[in-house]
Structure formats: C-alpha cells, structure tokens
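To start, the structure under review is shown below, and the notes come after it.
Readers should treat all values here as calculations from the given coordinates under stated rules, not as data from a laboratory. Predicted model only: the values in this text are computed from it and were never measured. Heads up, the Cβs are rebuilt from the backbone with ideal geometry, glycines too, and the neighbour counts pull from every protein chain shown.
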Amino acid sequence: MGYQEITFINDLSKLEARKDGKDKPLAPGTIQYIYRRILKNILQRATDWQLIKVNPIVGVKQPKVEHFECYFYDEDEAKDVIVVLYDEPRKWRLLILGAMIGL
C-alpha cells in the first residue's frame, strides 16, 4: 500500500478535487465510486498485465459513504401529491407515481 494512493483518496474530499466548477466537495458516494470502480480496476488491470508487480491499493480501506435517513410521505401526504399530479402532464405524473411506489 502506497502513500500516494491514500493521499489521492483523501484529497478527493477536498474542494480542489472538483473540476466542474461547483463549490462543494465531491459526494462520499462519488469518492467511493472512484475508489471501487476506477482506481481499483485500473491498478488491478496493470497487475494482471504485469505492468506492476503488486496492486498498491490492496489494503487501502474503502472510503465510507454516509447514509441519510429517508423521509417518506404518510398516507395523507401521498394522497395530496396524487391529487395534484392529475393536473400535470402524463409523463411527469407517471414518473412521480413510479418513484412513490418504488418502481
């Protein structure tokens, strides 16, 4: 496990890591995606192709993702949303209803 890999992962949570101009740090889920899908796979492929002897990210702990408590509509709130949706175009009505029932 190399110092550079740990530093890279830690630096992703800094505001400077964003290259799209937004003024907030990368989301924890994005950092975890970069670790799991991108960095880990690139280094594993380099190991498989024998470009490097050992995958340096092996042993580096995966970044944690904070989970937030979800808010769900109660029965009365859901009924109110459904009533209001009937004044909206069909595509929006179907999208919102699908999201409400978990499609």
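Tell me whether the chain comes out rounded, prolate or oblate; compute the Cα gyration tensor, take square roots of the eigenvalues as a ≥ b ≥ c, and use a/c under 1.5 as the rounded threshold. Taking the square roots of the gyration eigenvalues as a ≥ b ≥ c, the chain is prolate.
Between the beta carbons of Thr47 and Tyr71, assuming R0 = 41 Å, the FRET efficiency works out to 0.40 to the nearest 0.05. Which one of Pro28, Gly59, Leu15 is farthest out on the positive end of the charge dipole of the chain, using unit charges on Cβ (Lys, Arg +1; Asp, Glu -1) and the Cα centre as origin? Checked the options; the winner is Gly59.
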